[in-house]
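Peer 1: Right, I'll just put the structure down here and ask away after.
What follows is calculated from the coordinates using simple rules that are stated; it is not laboratory data. Quick caveat: nothing in here was measured; it's all calculated off a predicted structure. Because the Cβ atoms are built from the backbone with ideal geometry, glycine has one as well, and the counts that use them run over all protein chains shown.
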């Protein structure tokens, strides 16, 4: 019981900071995505492809989360977007206070889209609100079609699912319909996108959806409609 109580207090404190982050994002007019996945799903590659698609339409900033290195931040910096690296030194997820601290090193003036690339993990990040507008979960076809069944909490809390590395389907044992069916059985509201960072397939559709979400969210927030 004491363990449950401590965990609840930690999450309550995190939610308080997340609420302040969310208020800041609303004040600045910034739309925020929390990208989550297992290690090796191609999360950073999807981010790179997305930046190629959207950065001429909206201004973008990135917060990178990693256990040890700043290698992903170096990759993102090549797109000439503001990027801040959070190194968790072994921590398996980002928390709202870490994002808050990273924001102190970002000038959000004029930023329309902030992408937070979380630490590669499908367990802990499901429980930690960062103040984002939506969570986007990425799975690769190489992970198998039962991934949603193993980590249902993440899929339940996500707004969109990106199934990446579809170019590898002819070479691996993965049923795309079963993978997506498993995810939709957990969360029927998921918006599903099939992508390949090798070929670029599906990136435009995913990017267009994000741009539309930014547009509708900003319009709603401007007139005080909850989103």
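Peer 1: Computed from the mean reciprocal separation of all distinct C-alpha pairs, what Kirkwood hydrodynamic radius does the range 2-222 have, in Å?
Peer 2: Evaluated on the range 2-222, it is 17.7 Å.
Peer 1: Related question: Which order results if 215, 173 are arranged by neighbouring Cβ count within 10 Å, fewest first?
Peer 2: Ordered from fewest to most neighbouring Cβ atoms within 10 Å, 215, 173 come out as 173, 215.
Peer 1: Then there is this: At a 10 angstrom cut-off on C-beta neighbours, averaged per residue, how do the peptides 131-143, 182-194 rank from highest to lowest?
Peer 2: 131-143, 182-194
Peer 1: Please report the spacing between the Cα centers of the range 109-169 and the range 20-50 in Å, no decimals.
Peer 2: Measuring centre to centre over Cα atoms gives 10 Å.
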